[in-house]
1. Within region 29-80, take every residue that is more than 24 Å from residue 97 (Cα to Cα) and hydroxyl-bearing (Ser, Thr, Tyr) and give me the one that is nearest to the chain's Cα centre (by Cα).
2. Report yes if some residue within region 154-165 is part of a loop (DSSP other than H, G, I, E, B) and either under 30 Å from residue 229 (Cβ atoms) or free of Cβ contacts under 8 Å to residues at least 12 places away in the same chain (or both); otherwise report no.
3. Can you find a residue in region 223-246 that is in a loop (DSSP other than H, G, I, E, B), more than 30 Å from residue 156 (Cα to Cα) and modelled with pLDDT of 60 or more?
4. From the residues in region 633-662 that are closer than 23 Å to residue 533 by Cβ and crowded, with 23+ Cβ neighbours inside 10 Å, which one is farthest from the chain's Cα centre (by Cα)?
5. Consider region 515-534. How many of its residues are closer than 14 Å to residue 489 by Cβ and not in a loop (DSSP other than H, G, I, E, B)?
6. Here's a check for you: in region 264-288, which residue that is of a type in the set (S, T, N, Q) and either under 15 Å from residue 59 (Cβ atoms) or in contact (Cβ under 8 Å) with a residue 60 or more places away in the chain (or both) is surrounded by the most Cβ atoms within 10 Å (Cβ to Cβ)?
7. For residue 416, indicate whether it is at pLDDT 80 or above, among the hydroxyl-bearing types (Ser, Thr, Tyr) and within 30 Å of residue 509 (Cα to Cα).
8. Considering only residues that are farther than 13 Å from residue 623 by Cβ and at pLDDT 90 or above, which ones fall in region 652-684?
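The values are calculated or read from the model by the stated rules, or taken from the named source; none is laboratory data. This structure is a prediction, so every number in the text was calculated from the model and none was measured. Glycine gets a Cβ as well: all are built from the backbone with ideal geometry, and neighbour counts include every protein chain shown.
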Amino acid sequence: MDFADDLTLFCLKMETLESELTCPICLELFEDPLLLPCAHSLCFNCAHRILVSHCTPSEPIQSISAFQCPTCRYVITLNQRGLEGLKRNVTLQNIIDRYQKASLSGPNSPNETRRERAAPERKAMTSPGDRVQCQFCEQDPPQEAVKTCITCEVSYCDECLKATHPNKKPFTGHRLIEPLLDSHVRGVMCLEHEEEKVNMYCVTDEQLICSLCKLVGRHRDHQVAALGDRFDKLKSSPGRFLYVAGSGLSHQEADQHALDSNLNSLIKRTTELESIMGKLIQTCQHVEVNASRQENKLLEECDVLINIVQQRRQIIATKIKEGKSVRMRKLAQQIASCKQCIERSSSLISLADQTLKETDHARFLLTAKSTCERVSMATASSQILLPEMNLNDTFDSFALDFTREKKMLESLDYLTAPNPPVIREELCTASYDTITVHWTTDDEFSVVSYELQYAIFTSQSNVVSLCNSAESWMIVPNIKQNHYTVHGLQCGIKYIFVLKAINQAGTRSSEPGKLKTNSQPFKLDAKSAHKKLRVSHDNLTVERDETSSKKSHSQDKFSTHSSYGVTGNVFIDSGRHYWEALIGGSTWFAVGIAYKSAPKHEWVGKNSASWVLSRCNNSWVVLLLDYDSGSLSFYDAVGSQHLYTFDVSFAQPVCPVFNVWNRCLTILTGLPIPDHLEGKDYNH
């Protein structure tokens, strides 16, 4: 085996080793490798980029507590130190260091081969006229260069490179790169001295110059600076240097400033895109996992359906077989009975026929009578002997119709959120502190549960703000039936209800429904009635009783010589309330409210503790009390005419009061507030 074969074998081994030392993220040799708990390795910077891709631009990287190994997808959990808490793979780093030293020991090293593989497009795009030729070849034409030595500033073909750069010092320190054109190798040349490279910067003219320009040229008296110093100065703070001759930056400084600004924007944008790409990749992974799970679920569910269909087919087939067997057995029995009857009848017919043919008078008379009796008996009993037959039972009534099931199978699809339910306001009921809500839905079978939300309705414009504010709603979750009774509501208040239908695929909400509670129901307090008043057994009617003058009352609350009153049996301290008073034949009456502490021996309404409306010509009066807003309004129920409104800041609970002069007064309570009185605001 010659030297070339040894070199080829060496390169192959180095390339194999290189693949083992390559990071799975950046596809370069590991740099500062981390040893992951799953025994794989990862560059520190690559791990950092993974964490960056999992957080938003405004989110600190310290908030990411875990990531997946790119090789085996094992979840790596980080402690409070983050990536610094992972161990460094020191052994791997030492191997890489020795490998890099070995790869720099000669030409055609695996490291260089990898660079060649990394840029095939650049070679492919090079036209024949742009190909770099060997500058050391004596052949005509020269061979194509494979390397350019930056130190020598010369491009070499493979043979010339081996001849001029043996694997010995000092040539091992030369830097070999992909072949470049001569102009790129030589660098930037001076405009005035074409053979000289620029190595200075003229601050006065803001121009690149060479040493000859400073010594003998027109820049000899100008202020100059080293290229490195000028570069570092502009690089560190490009925005500080203003062009002295004008109001803006100098050309070079402006270019540098623009480059830095654009570069920073590009880096920022690239970081954002990397983060977005990381999230997109993560989303793709979730889609893959979820889709795979759903595909498996689909197969399982279809197998279950197929098993059910097969079981039902077997059951129905058994029923058909049993039905056929029963009918065939019954028909066989009937056929056998008919056959026996036919045989007996045929025998008797033959006997009768012989008797009729008999010519001997004696023999005919001897057998005719018995034969006639047998024929008569056979004819009479033929219907009894024949079995009961049902010729219509041909098994055609055993029909199969799977139309509904076919439609159900044709409608098989993945689960979607249920259709929004509809609140049936016409079916809903209410009391003074409860509302029973009823609703319907088109696809009740797809609903797992319902959620009822409700809040106090103040105005139509408030609906939008209510829908946008979750704190304003009372929520009743996990309702299984299609109705629910809400308890503990305020009297005479309108509420807005929204219903959600819920299943695994999501939720859909109904249109808002508005329902209201009734007013507080109450009756007349017979104990508070004047001694000349009589309260009915149902405590809803009071009338003047001139004959009852001997009644004794422990509390004659409104007793005077001209006041015959009675109170309701309830004290109100909140909410809205509505009741009606029907007056029968009274020439005078007074209705209203009073504090519990109202004076006992004064006119009702003649003090600061009671508020009443006295009338003598109305037969039906409506009262609307809004305790919280401090208003008491009176209306003529017949013509819906507003009569009067008290504006009061109530300090105590109040009770309804009623006064009649003669005849009777009946109350209607526990009623809902009519819609035409909602929102009324009258000034007295």
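1. If we take residues in region 29-80 being more than 24 Å from residue 97 (Cα to Cα) and hydroxyl-bearing (Ser, Thr, Tyr), then 56 is nearest to the chain's Cα centre (by Cα).
2. No, region 154-165 contains no residue that is part of a loop (DSSP other than H, G, I, E, B) and either under 30 Å from residue 229 (Cβ atoms) or free of Cβ contacts under 8 Å to residues at least 12 places away in the same chain (or both).
3. Yes: region 223-246 contains one or more residues that are in a loop (DSSP other than H, G, I, E, B), more than 30 Å from residue 156 (Cα to Cα) and modelled with pLDDT of 60 or more.
4. Result: 660.
5. 2
6. Looking at the filtered set, the residue picked out is 275.
7. yes
8. 652, 653, 666
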